[in-house]
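Below you'll find the structure, written out as structure tokens, and then a few comments.
The values are calculated or read from the model by the stated rules, or taken from the named source; none is laboratory data. All values reported here derive from a predicted model rather than from experimental measurement. FYI the Cβ positions are ideal-geometry reconstructions off the backbone, even for glycines, and counts take in every protein chain you see.
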Amino acid sequence: MSQADFVEELADSHGAVKAGFSGWAVSDKFKYRGGYNVVFPLSDHCDFDELVSLVRDVNPDKVYTNHGFAEEFARILSTEHGFDARALKSNQSSLSDF
């Protein structure tokens, strides 16, 4: 039995409401694709300004970016904010491969 099937059975047997939380919940497709009764558009990701703020607050010696606009974000952290930032490459298996 898959996790989705287990949740479905559990919700049905207890008359529960299935709720979904995601930035994708702004679209009705998320609700129907997930089989949710109700959805809440709540993103679990930082936006650009929040990411920059996080890096500033942590003040690391090095920043390695990954996912999304990794090259561009590393370049902005380096040129506009003075951090030693580099994008990880897609075929890397460890930082020593950099």
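Output the residues belonging to the range 1-48 that are exposed (fewer than 10 other Cβ atoms within 10 Å of the Cβ) and over 16 Å from the mean Cα position of the chain (by Cα).
Answer for the range 1-48, where residues must be exposed (fewer than 10 other Cβ atoms within 10 Å of the Cβ) and over 16 Å from the mean Cα position of the chain (by Cα): Met1, Ser2, Gln3, Asp5, Ser13, His14, Gly15, Val17, Asp28.
Cβ-Cβ below 8 Å, separation at least six or inter-chain, first residue in the range 24-49 and assigned to a helix (DSSP H, G or I), second among the hydrophobic types (A, V, I, L, M, F, W, C) and modelled with pLDDT of 90 or more: which pairs?
From the range 24-49, the pairs are Trp24/Phe30; Ala25/Val39; Ala25/Phe40; Phe30/Val39; Lys31/Val38; Lys31/Val39; Phe48/Phe73.
In this structure, does His67 turn out to be surrounded by 12 or more Cβ atoms within 10 Å (Cβ to Cβ) and part of a loop (DSSP other than H, G, I, E, B)? Talk me through it step by step, then tell me what you get.
Values: surrounded by 12 or more Cβ atoms within 10 Å (Cβ to Cβ): no; part of a loop (DSSP other than H, G, I, E, B): yes.
Considered against the rule, which asks whether it is surrounded by 12 or more Cβ atoms within 10 Å (Cβ to Cβ) and part of a loop (DSSP other than H, G, I, E, B), His67 comes out as no.
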